Amino acid sequence: MSAPRTASKVVVFDTTMRDGEQSPGAAMTLENKVELGRALDQMGVDVIEAGFPNASNGDFEAVRAVGAVLENAVLCGLSRAQPKDIERCAEAIKAAKRGRIHTFISTSPIHMKHKLNMESHQVLDAVTASVTLARKFTADVEWSAEDATRTERDFLRRCVEAAIRAGATTINIPDTVGYSYPDEYRAIFEDLIGNVPGADGVTFSSHCHNDLGLAVANSLAAVQGGARQIECALNGLGERAGNAALEEIVMALKVRGESLPYQTDIDPSHLMRVSQIVARITGFPVQYNKAIVGKNAFSHESGIHQDGMLKHAQTYEIMRPEDVGQGATSLVMGKLSGRHAFKNKLEELGYALSDNALADAFHRFKDLCDRKRNVFDEDIIALVDDQIAHADQAIQVIRLRVVAGTEGPQSAEIDLTVDGEPVWRTARGNGPVDAIFNAIKAAAPHEAQLELYQVQAVTEGTDAQANVSVRLSANGRSVSGRAADADTLVASARAYVAALNRLKAVQARGRGADAAA
Ligand code: KIV
Ligand code: ZN
């Protein structure tokens, strides 16, 4: 993957499934990762970091499974500078068409002293040993200096030189704690590329965290400084405040090509769809005003703006919604629409469902038409995403009845199936949602704590479907679940159950995301 720095192509390295998954509550199942891997590959991502294979058997299997579906993208796995990690990573990427080992070690004084308990000469030796070992398995080796932006410059140069000598083909300079300013970050790249022997034969890479809201600005500054790979994540997912948002980088380069003449191979018309897949499988809704993929990113509210838009779209729009896959909202169908028209609509929205799944979706669509006057594309997307997320789950909501209102106590009565067995329970609570969650806990006992409960309307109007997100945590792991329904309380029950199912799946996977950086 090494490219001369004068070239104008910027390699897009997606870490949604690795750094993104380290966001509390964003754990993904193997099936989720395979679905996302396919979508990223089709969108034109160059390198997909699918996980940290030595964290657990589940992580290992997930990385391997993603590799099996990639047509073009390079499959990448993360490993610490330890032989066991590197060997396990090599095994996980072995069957992929193209595989990369990404190995890292901390280089800043604070990390070396307090995290690694190592002297700088030991770190330097570990750089050489880890890259040398990784090169035995693949010619595509990336080396990262964790906390590079707080590393003494002379030591960083020596580490980079050691990694290049040992055979690294990509050198990543992470702003691990999101501390840098753009001009400082750019200067680090200019310095390393200008002064480290062998730098002209490798690709330099940025990896920016968003603690000060500068991750995208820093990534673009790195490109100005000579980086030709950007590490990023959809919807800006990642540790703490997240990573640089892939969609923002791609569009910043596209829209402002006259200032930054670099290109990616991403097809931006996929951005909205892939962003929604990430939101669905992580349970992290996209904020309304999120750049590029937010629901309001192309809405114009003020009269002056609307007037300008009607006269000429470019008065207030620097890109068109359709460029990024945000179709104009269309009123689709209603009660009288047939199965064939519904199937066509699904295909247009990018879904290919099996006959059984299509029959279920059509049934739910008809149900929705009975409850909601206008059915929009967003409603169909929420309905089908919800169906995909809830299919074949261990716990399923069959029926719910709630007593709510000013005369308490509120109560809920729920029928579930748990591993195929019917279970019925009632419970009271402080409000209807609390009562529902108590009833579910009585039917499917668990130790998880509720961390977040959030409701968003899918479209406008009082008959809009509610998109409910629930985050649960147990034993240091958090997971999210999401569900959509025209009835907010039904959506709440289903979202809670979705989170419980995910918790079970993640516990079964025995993952250890926290063991990563
Ligand atoms: O932020 C970071 O430093 C990382 C490395 C493991 C690349 O995620
Ligand atoms: Zn990171």
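General remarks:
- The Cβ shell under 12 Å around Glu184 holds other residues with a net charge of -1, Lys and Arg each +1, Asp and Glu each -1.
- HN-Hα J in Hz across the stretch 389-402 - Karplus 6.51, -1.76, 1.60, θ = phi - 60°, x for Gly and Pro: 5, 9, 5, 6, 8, 5, 10, 10, 8, 9, 8, 9, 10, 10
- Put simply, the amide H of Arg98, placed in the peptide plane, has neighbours under 5 Å in Leu75, leaving out anything fewer than 5 places away on its chain.
- Straight-line cross-link reach from Lys335 at under 20 Å between alpha-carbon atoms covers these aspartates and glutamates, not counting any fewer than eight positions away in the same chain: Glu347, Glu348, Asp360, Asp367, Asp370, Asp377, Glu378, Asp379, Glu460, Asp463, Asp485, Asp487.
- Between Leu349 and Gln314, the simple spin-label model (points 7 angstrom out along Cα→Cβ) gives 3.4 nm.
- Counting only Cβ charges, +1 for Lys and Arg and -1 for Asp and Glu, the dipole size of the stretch 329-389 around its Cα centre is about 340 debye.
- Between Ala394 and Lys136, residue separation times 0.36 nm minus the direct Cα-Cα distance comes to 88.6 nm.
- Computed label-point distance, nm, for sites Lys84 and Leu336 using a 7 Å Cα→Cβ extension: 6.8
- Euclidean distance between Cα centres, the stretch 37-72 to the stretch 215-285, Å: 18
- Sum of side-chain charges, Val69 neighbourhood, beta-carbon under 10 Å (Lys, Arg +1; Asp, Glu -1): -1
- For the stretch 457-471, 3J(HN,Hα) per residue [Karplus equation, 6.51 cos²θ - 1.76 cosθ + 1.60, θ = phi - 60°, Hz, x = Gly/Pro]: 7, 6, 9, 8, x, 6, 9, 5, 5, 9, 9, 10, 10, 10, 10
- Residue (of Ala457, Pro321, Ser130) at the positive-pole extreme of the chain, dipole from beta-carbon charges: Ser130
- Protection-proxy order for peptides 109-120, 469-480, each taking the mean of Cβ atoms within 10 Å per residue, highest first: 469-480, 109-120
- Between helix 339-348 and the chain there is an angle of about 20 degrees, using the helix long axis and the longest principal axis of the Cα atoms.
- Restricting the stretch 368-409 to trypsin sites (Lys or Arg not before Pro) in coil, as DSSP defines it, with at most 14 other Cβ within 10 Å: Arg373
- Plainly put, the chain has a radius of gyration that is 1.00 times its Kirkwood radius, both from alpha-carbon atoms, as the Rg/Rh ratio.
- Here, the stretch 11-282 has an Rg and a Dmax of 17.0, 48 Å when only alpha carbons are counted.
- Across the stretch 329-389, Cα pairs under 8 Å and at least six residues apart give a relative contact order of 54 percent.
- Cα-based helix-to-principal-axis angle, 215-224 vs the chain, degrees rounded to 10: 40
- Proximal lysines to Lys84, defined as alpha-carbon separation beneath 29 angstrom and excluding residues fewer than eight positions away on the same chain: Lys33, Lys94, Lys97, Lys113, Lys115, Lys136, Lys504
- A cut-off under 15 angstrom between Cβ atoms defines the neighbours of Ala139, and their net charge, with Lys, Arg +1 and Asp, Glu -1, is +4.
- Cα-based reach from Lys9 at 12 Å (exclusive), listing aspartates and glutamates while leaving out same-chain residues under 8 positions away: Asp46, Asp265
- Above-threshold pairs, the threshold being 22 Å between Cα atoms, out of Lys254/Lys345; Lys372/Lys441; Lys345/Lys372: Lys254/Lys345; Lys372/Lys441
- For Ser106, the residues 5 or more places off, or on other chains, whose built amide H falls under 5 Å of its own are Glu146.
- Maximal additional length on extending the Lys113-Asn72 stretch stands at 10.7 nm, based on 0.36 nm per residue less the C-alpha distance.
- Beta bridges from DSSP with both residues in the stretch 394-450: antiparallel share about 100 percent, rounded to the nearest 5.
- The C-alpha atoms of the chain define a longest principal axis, and helix 271-282 lies at about 80 degrees to it.
Rule-based calculations on the coordinates, nothing more; no lab input. Note that the structure is predicted; figures quoted are calculated from it, not measured. FYI the Cβ positions are ideal-geometry reconstructions off the backbone, even for glycines, and counts take in every protein chain you see.
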